[in-house]
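What follows draws every value from the coordinates through simple rules; no lab data is involved. Since this is a predicted model, take the numbers as computed values, not measurements. Methodologically, a virtual Cβ is constructed for each residue, glycine included, from the backbone with ideal geometry; neighbour enumeration extends over all protein chains shown.
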Protein chains: 2
Amino acid sequence: MRTLFLSAVALAALAAPALAVDDAALREEALGWFEPIPMNPPALENNVMTRARVDLGAQLFFDPRISRSGLFSCNTCHNVGMGGVDGLEVSIGHGWQKGPRNAPTVYNAIFNAAQFWDGRAPDLAEQAKGPVQAGVEMNNTPDRVVETLRSMEGYVVGFAAAFPGEADAISFHNMARAIEAFEATLITPNARFDQFLMGDDNALNAQEKRGLAAFMATGCASCHGGVNFGGQEYFPFGVVERPGARVLPEGDRGRFQMTQTAADDYVFRAAPLRNIELTAPYFHSGAVWDLEEAVAIMGVSQLGAELTGEEVADITAFLRTLTGEIPRVEHPILPVRSQSTPLPEDM
Amino acid sequence: MRTLFLSAVALAALAAPALAVDDAALREEALGWFEPIPMNPPALENNVMTRARVDLGAQLFFDPRISRSGLFSCNTCHNVGMGGVDGLEVSIGHGWQKGPRNAPTVYNAIFNAAQFWDGRAPDLAEQAKGPVQAGVEMNNTPDRVVETLRSMEGYVVGFAAAFPGEADAISFHNMARAIEAFEATLITPNARFDQFLMGDDNALNAQEKRGLAAFMATGCASCHGGVNFGGQEYFPFGVVERPGARVLPEGDRGRFQMTQTAADDYVFRAAPLRNIELTAPYFHSGAVWDLEEAVAIMGVSQLGAELTGEEVADITAFLRTLTGEIPRVEHPILPVRSQSTPLPEDM
C-alpha cells in the first residue's frame, strides 16, 4: 500500500501538476497574441449576409462565365476543396498566362485587415473585382460581366432576392458584395490550437506546445498574431536579411508598386497562417513547397535567427495545429444561359 | 339547372375527355420509344457503388492535381453546376489548347451504350482514362497520376477503403472505377416529360405535347430514343444531307477515325438529349448555340424534312421538358499533398 501511495504521488509530481502549470502559463501568453476563430463570421461593413445573398454569392463564386474565356471561376484559384488555394506557384490565367503572385487562401480571408499580398483592396468585395478584370486572370470587363449576368433569368431572380428594393440589383458592385457574403462563410473554427486556447490542455501534444512557445519567444507572433495569425500589418520581406531571388524575385517590389514610397520597398502583408499546411506553396512567389523550409527562411530573413532543426520542427508541428474545420460547401447549380448571353472569348 | 348541365357536358366534350384520349394515346406511343430516368442508377459492370468508392470518386472528379498542370479537374469540362458541361464550343486544355470536340454531359452518361462522341470507350471507367492522358486536355500519364495519388495520405486511406482487400488499391484503373462510381450517381430523374410518361397528364402543356408527337412522327425518336434520348447507336451526321463545314468540320470524320471503314465516315453516336436546354452549344463541333437552330439543322440533315417554324418551336418546347432534377453534390475536401507529391508542370 505504501509503495503504491508513493508511486501515485511521484507520478503526479512528474506529470499532471507540472504540465497543468505550464499549460496555463502557455495559454495565458498565447491569449496575449492570438484569438480563436469564432463559430460564426463577423458582421460585414456595408453588406448583410442574408441567405439569398450568400447563395447568390456561391453561384457567382463557382461560375466560370464570369471570366471572358468561360474557363475560370473564383474557385479555380481559391479552391474550397484545397484549403482555398490552387496549389500552384502562381495561378494560370487567361491564355495560359501566369499571375504575378501566389493565390492567397479564401478561407478566413474575412479576418484580414485588407486583401491581396499588398493589401490594396480594403475588403473582400473590392478584392473580388480584381481578378475578374485582370488581363492575366479572368480578363473580363465590368460591363461584359453585368451583360452576362443580366442575360440569365436565374441571376435576374437571384439578384432581386439578394438585393431587394434596389432598382438596378444586377451591378458589378453587387456581384462583388454577394461574393463577399459567401466568402465570409468560409471560416474554419475549432483548429486544435483554438481548442487549446479555449482550455483543452490535451488538444496539443508536447512538441506542438514547444512549437507554440518558440513561435512566441522567437518573435514570429509579432507579425503573425491575431485571429488569423497574420493578415493585419505590412512588413518588408527581409526585415533582417533579404532572401534570394528565387524566394523574393527582384521585379516584385510589393507595396512600393502601389505607394512609390521607399519605405514600402519589398513590403508585403504578413501572410495569415491559418490552415497553412493546406496552402503550399508558400510566400508571394510561391517558390517554397516545404513548410519546414519556409519556417527556416522566415527565421533568417525576418528574425535574424538561425533556428535550430528542432525549433523548426517544433514550430512546424505547431503550425499544423492551425488547420480548422473546413465548411461543407454544396456545389451550386448555376443559372442557364440565354440567347443573349455573351459567348466565351478565348483569343 | 338544365343549362348548367348542358354546359358541363359541353365543357367535358370540348376539353377533358378529348384530351384524356389524346394523352393516353400519346403516352402509349411515347412508351414505345422512351423510358423515364429511374430514381437510382443501374448496377455497374465490374464495379460496385459503395459509399467509400463513390466518395473517393467525387474527390478524384474534383481534383485538378490529376492534370499535369494542376489546373484541370474532370469537373472543369463536365461541370456539375452547368448541366455537366463546360459551355464552350470545344474545351480549353493544357497550354490553352483546344479539344477536338464539344464536351458531352456527364449527367446520365451512365445510360449511354458507350462513351465519347464516337463511342470509343465502352464504359465510364474507360472514358475517364482518356482526358487524363490526352495531350490537349490534362496531358498526364498513368504513372504520374498513380505517383500523385500514392503521395497523399488521404488517397492512401481512401483507396484502401474503396477497394478493400486489394494489395495494390491505388492504380490508374481503380482511379477510373471510382470516378465511374461517382459519375453513376449523376442522374437526373423526374423531368416533366418523365412525369408525363409515368401518368401525369398535366406535366406537359399543349405545345409540349404537340412537340412530343412531332418528335415521334417526324422520325427524331428513331435515333434519339430510350432512357437517354440517344447515346445508344451510331449514325452518319448527314443521313440525308451533310451540313456545312461550320457545323460538320471536314477534318473530323467521326468513327471513321477509329475503324477506317467507309461506312463510318462522319458517323457519330446519336447525342443523348436529356437536359439539352442546359448543355449548349450543340453538336460534336459545338458550333450551334441555339436549340431551335439545332433542331432545324437536324430536320434537314437527318430527316430530309424542312420542319416548319411551328414544328421547330413545338419540338424545342418539348425538349425543354427533358430537364430533370439535378442532384445535390457537395464539393469534396481533397487530400493534402505531401513532399513527395509531383509538382505541377505547365510547360
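Computed quantities for the displayed model
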| read-out | value |
| --- | --- |
| Euclidean distance between Cα centres, region B:142-219 to region A:173-221, Å | 38 |
| Phi-based couplings in Hz for region A:173-180 (Karplus 6.51, -1.76, 1.60; Gly and Pro marked x) | 5, 5, 4, 5, 5, 5, 4, 4 |
| Acute angle (nearest 10 degrees) that the helix A:206-217 long axis makes with the longest principal axis of chain A, alpha-carbon atoms | 70 |
| Tilt relative to chain B, helix B:51-62 - C-alpha long axis, 0 to 90 degrees, to 10 | 80 |
| Placed amide H near B:V329: partners under 5 Å, 5+ positions off or other chain | A:H331 |
| Cα→Cβ-extended label distance, 7 Å offset, between A:A263 and A:A305, nm | 2.6 |
| Semi-axis lengths (Å, descending) of the ellipsoid that matches the C-alpha gyration tensor of region B:287-347 | 46, 19, 8 |
| Projected-area mean, the protein assembly as shown, by convex hull of Cα positions, square nanometres | 42.0 |
| Selected from B:G254, B:G244, B:G87 as most flexible by GNM, with chain B as the system and alpha-carbon contacts under 10 Å | B:G244 |
| Residues B:R328 and B:A167, FRET efficiency given R0 of 25 Å [Cβ-Cβ distance, rounded to 0.05] | 0.10 |
| For region A:207-272, alpha-carbon Rg relative to the globular expectation (2.2 N^0.38 Å, N residues) | 1.27 |
| Restricting region A:199-261 to trypsin sites (Lys or Arg not before Pro) in coil, as DSSP defines it, with at most 13 other Cβ within 10 Å | A:R246 |
| In sequence order, calculated HN-Hα J values of region B:328-345 (Karplus, 6.51, -1.76, 1.60; Hz; x Gly/Pro) | 7, 10, 7, 5, x, 7, 8, x, 7, 5, 10, 5, 9, 5, x, 6, x, 10 |
| Chain B: most fluctuating residue of B:Y107, B:Y155, B:Y282 per GNM, C-alpha cutoff 10 Å | B:Y155 |
| Percentage, to the nearest whole number, of Cα pairs in region A:229-339 over 17 Å apart | 63 |
| Cα convex hull of chain A - mean projected area over all directions, nm² | 20.7 |
| Candidates A:W33, A:W289, A:W96, ranked by Gaussian network fluctuation over chain A, Cα under 10 Å, top entry | A:W96 |
| Other copies of A:K98: label-to-label distances in nm, shortest first, labels 7 Å along the beta-carbon direction | 2.7 |
| Anchor B:K98: lysines whose Cα lies under 20 Å away (excluding residues fewer than 8 positions away in-chain) | A:K98, B:K129 |
| Alpha-carbon centroids, region B:273-342 and region A:50-74: separation in whole Å | 21 |
| Other-chain or far-sequence residues with amide H under 5 Å of A:F163's (modelled H) | none |
| Rg to Rh quotient for region A:16-89, alpha carbon positions, Kirkwood Rh | 1.24 |
| Extension reserve of the A:E250-A:S338 stretch, reckoned as 0.36 nm per residue once the Cα distance is removed | 27.0 nm |
| Kirkwood hydrodynamic radius (C-alpha pairs) into Stokes-Einstein, region A:99-224, 37 °C and 0.692 mPa s, D in µm²/s | 185 |
| Cβ-Cβ FRET estimate between B:D200 and A:A25, R0 fixed at 60 Å, reported to 0.05 | 0.25 |
| Radius of gyration and Dmax over the Cα atoms of region B:176-306, both given in Å | 16.3, 49 |
| MRE, 222 nm, helices only [DSSP H, n ≥ 4, -39500 (n - 2.57), over chain B, to nearest 500] | -11000 deg cm²/dmol |
